[in-house]
Amino acid sequence: MPPKSASPASPPPEAPTQDALKALLKTLASSAPTPGQVRTLSAALSPSSPDTHALALLCLSTAVSTSDTKGGDVRAQAARIKDLFDPLVADAIAAGSSDPSDLVPAVSLLAALASLAPAGVVAILTQPLDTVEASSDEVVDPLAVLLEFAELPSPLQPALASLISALAGTKAGRELVRTRALEWTTAAAESDKVEGDTAVLCTVALSKLGREDPVVGESEDDRLARDEESKDAEERLARSLAASITKGGSSDQALLPTLEGLSVLSTRPPVRDVLASDAKFLSALVALSPVPTPTGGSLPVTPRSSVVSLDPEAPVDAALCYGLVTILGNLSARRPVLSEHDAQMARLRRMAIAGKTAAATEEEDPHESDAAVAARVQALYKAGVVGSLRGLVRAESPRIREALGKLCLNLVEERAHRPVFVRDGGFRVLSIVIRDFTSKKEQAYDALPACQALAKLVISTPPNLLFPPPHQTNALSALPPLFLLLVHPSATLLQTFESLMALTNLASIDPAFGERIMSAQVAVPVPPDFRGQGRDDKDKPVRIVTRVEELLLDDNALVRRAATELVCNLVNSDSGFRYFAGEPAEGKAEPEGGARATSRLSILLLLTDADDLATRLAASGALAVLTDSAAACATLVEGKGMPAGSKRSVWDRVGDLFEPGGAAPEFDDAGARIPVVSSQPPNPDLVHRGVFIALNLLNYVDELPSPAREEQLKRAAAGLKDPLERLQKGLGSDPNGVRPHVEHMLKLLGKA
């Protein structure tokens, strides 16, 4: 398809200097580029001028944004982009040069433009050319000319492959590649006779095309056959790209597209297993991280001037880091746990596509099983993934920090991996990610995975091993992200549970942590797209202890247990003791919360009857401390804050703590208590707590004036005397030393 009238090709412009590009950048900020400036950009983006690529891309992005139309009209923008850049391509083809290399600058410009304005590039490539001879039935456009020139090896091949790869990653360009360039792309990807990085770039393009859309009404056999064929093709592409990383044969221009292709392919569980099973690939992949490492021999043999260390403050390639962290995150990712609603919607979608039978017989993908994920994560640890995080965190990009938080969460999911994660410096990287996110309220939503990873580490790692010395002081930095995880409206139930567990561990270090938790208030961060309760109060700070109180009544038994255990530790601080005991704070005349102060004790008392033993232990432990307060004893003895119609007194509930086996009380349909028949002894920990609760309450009653004293002793005897007598007979060796207290209480009850 030669040009109708071949004119002498104009010499390609020389690559501009950095100063010239900076001046051009200022010009493009206020006006669209001229044809001469477009030619200048094409020269700066040419593979022969790698030093000017970064600044030229910035200029191109500015030119596109300047030409954008108000209102986001994609068609209008595409037309504008076509008008700006089409003359360059048309002139390059119309020049009629027999050397395909003359087309490289224009194609390189289109490749860079494809990710910024894909619809405009598609319009340029499919615009019919009236300067090229064609048969009467044939419509010739720039893409057809480029594909014909690229049949023979030349520098145009990698440039065109780069353009196709960029288009394949966009919605507007994907269909064009499938219908017009798939044959050439597939052949080039499998050929060893193409120029430079053409094969790698074409493989990347094929990986971005993805699978074909499901066919409505397709038979089950056809669907399975098509899925199996697609899976095999994806695995072949992944092995090919992994080999290019392992061999290190890709140029700098092809490395980023290769990582992009692997990022897409690694979203498929079968491909994850293929990549994770290649130890050499994993080692080569993590080695790409820009970790500062010294070079040269050991001093003083090597001259000091020859020892070079990568400057930790030097800028890093953010695109490289993002590609690496995305691949590593995909390889370590677990199957998301769907809510009941989301799971039902997924089933309905499968039924609509493949029919009811396929949806009903679908089995779990073995590549997404816990065992498969654990094997992949173990392979990443062997490859040194934790050490690579020190380089990835140097890229100061919110998207990279968000992906790093998710990666850290994946790496610490298994308890056995957490010591290695901390030892190899992963906790320091995680701390940097959390610090940056939590310092910016608008990005707090993105920090939830990182905060959850911190919670997991705090739960299972002693503070002296997790935090640098002085660990009690440095551990305070963990409180704000855990508070965020606790109050965030988008936090999952698991994240809420783990934040409670982590705060419980920190509160056990020292009462000072309890004081911090009791006084903490956090502004509720609400994502822009969040719809639900709390949006109107997004600027109103939430007190952490109030949130903990709410969770004492949560529907989930594990969350209730974790909240109760946290309260049990909080009451060891002065503020926590006064708050839950219903005593006035320092300088106050009334207890905090007014009438609500009495309900806190009643909730803890009700939780001593919980079916979960750990919850009963925590609730009774908190009451054993709180009943040192006369105000708390008065509230419990008088039954303040108890639900209306409650027939069981505090004495009945405390007496239940001495039942055989530590079983929770059970009642028949009429509400009568069912006696416990068991050969097991009472739970010693419940007995220990119950004895001190009863002792504190009876000592308070014994100091009451008559006749209130006699009345309360009669009520106490009705609920406590029989359980205490049975306890006295079965104490045996009495390891907790409660026998004297039991005898003392029986004497007091004998006065009733």
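For the condition modelled with pLDDT of 95 or more and in the same structural domain as residue 322 (by TED's automatic domain parsing), what is the one hit in 418, 399, 394, 349? Show your work before the answer.
Values: 399 fails: modelled with pLDDT of 95 or more; 394 fails: modelled with pLDDT of 95 or more; 349 fails: modelled with pLDDT of 95 or more.
Testing whether each residue is modelled with pLDDT of 95 or more and in the same structural domain as residue 322 (by TED's automatic domain parsing) leaves just 418.
Under 9 Å between Cβ atoms, at least 6 apart or on separate chains: pull out the pairs that start in the range 497-524 with a residue that is within 19 Å of residue 551 (Cα to Cα) and end on any residue that is in a strand (DSSP E or B) and of a type in the set (Val, Ile, Thr).
521/542; 522/542; 523/542; 524/542
So residue 611 clears everything in (1) part of a loop (DSSP other than H, G, I, E, B); (2) of a type outside the set (Phe, Trp, Tyr); (3) in contact with a Leu (Cβ under 8 Å, 6 or more places away or on another chain) except one condition, right? Which one?
All conditions pass for residue 611, except number (3).
Just to be sure I understand, how many residues within the range 616-630 are more than 15 Å from residue 574 (Cβ to Cβ), surrounded by fewer than 24 Cβ atoms within 10 Å (Cβ to Cβ) and not small (Gly, Ala, Ser)?
1
Is it the case that residue 379 is among the aliphatic types (A, V, I, L, M), surrounded by fewer than 22 Cβ atoms within 10 Å (Cβ to Cβ), modelled with pLDDT of 95 or more and more than 27 Å from residue 500 (Cα to Cα)?
yes
Right, residue 652: touching a Pro at 6+ places or on another chain (Cβ under 7 Å), within 19 Å of residue 694 (Cβ to Cβ), at pLDDT below 95 and not small (Gly, Ala, Ser) or not? Break it down stepwise before answering.
Working: touching a Pro at 6+ places or on another chain (Cβ under 7 Å): no; within 19 Å of residue 694 (Cβ to Cβ): yes; at pLDDT below 95: yes; not small (Gly, Ala, Ser): yes.
Taking the combined requirement at face value, the residue does not satisfy it.
Quick one: would you say residue 440 is at pLDDT below 95 and not acidic (Asp, Glu)? Spell out the reasoning first.
Working: at pLDDT below 95: yes; not acidic (Asp, Glu): yes.
Yes; evaluated as a whole, the condition is true for this residue.
Name the single residue, out of those in the range 191-226 being at pLDDT 70 or above and exposed (fewer than 13 other Cβ atoms within 10 Å of the Cβ), that is nearest to residue 174 (Cα to Cα).
Out of the qualifying residues, it is 225.
Of the conditions (1) in contact (Cβ under 8 Å) with a residue 40 or more places away in the chain; (2) closer than 27 Å to residue 380 by Cα; (3) assigned to a helix (DSSP H, G or I); (4) within 18 Å of the chain's Cα centre (by Cα), residue 413 satisfies every one except a single condition; which number is it?
With respect to (1) in contact (Cβ under 8 Å) with a residue 40 or more places away in the chain; (2) closer than 27 Å to residue 380 by Cα; (3) assigned to a helix (DSSP H, G or I); (4) within 18 Å of the chain's Cα centre (by Cα), residue 413 is out only on (3).
Hey, among the residues in the range 85-125 that are in contact with a helix residue (DSSP H, G or I) (Cβ under 7 Å, 6 or more places away or on another chain) and among the acidic types (Asp, Glu), which one's modelled with the lowest pLDDT?
The selected residue is 86.
Return the residue satisfying two criteria in turn: it lies in the range 555-583 and is of a type in the set (D, E, K, R) and over 21 Å from residue 634 (Cα atoms), and of such residues it is surrounded by the fewest Cβ atoms within 10 Å (Cβ to Cβ).
Filtering the range 555-583 down to residues of a type in the set (D, E, K, R) leaves 555, 560-561, 565, 574, 578, 583.
Within this subset, residues satisfying the condition of being over 21 Å from residue 634 (Cα atoms) are 555, 560-561, 565.
On the way: 555: 7, 560: 23, 561: 25, 565: 24.
Looking at residues that are of a type in the set (D, E, K, R) and over 21 Å from residue 634 (Cα atoms), I get 555.
So for the range 249-261 (the condition being part of a loop (DSSP other than H, G, I, E, B) and on the phi > 0 side of the Ramachandran plot), does at least one residue qualify?
No; the residues of the range 249-261 include none that is part of a loop (DSSP other than H, G, I, E, B) and on the phi > 0 side of the Ramachandran plot.
Take the residues of the range 157-190 that are among the acidic types (Asp, Glu) and over 23 Å from residue 77 (Cβ atoms): which is surrounded by the fewest Cβ atoms within 10 Å (Cβ to Cβ)?
As a first pass, look at the range 157-190 and keep what is among the acidic types (Asp, Glu): 175, 183, 190.
Right, trim to over 23 Å from residue 77 (Cβ atoms) and you get 183, 190.
Details: 183: 9, 190: 14.
Here the answer is 183.
Of the conditions (1) assigned to a helix (DSSP H, G or I); (2) of a type outside the set (Phe, Trp, Tyr); (3) modelled with pLDDT under 80, residue 37 clears all except one; give me its number.
Residue 37 satisfies all of (1) assigned to a helix (DSSP H, G or I); (2) of a type outside the set (Phe, Trp, Tyr); (3) modelled with pLDDT under 80 except (3).
The values are calculated or read from the model by the stated rules, or taken from the named source; none is laboratory data. None of the values given here were measured: they were computed from a predicted structure. Every residue, glycine as well, gets a Cβ built from its backbone with ideal geometry; the counts of neighbours run over all protein chains shown.
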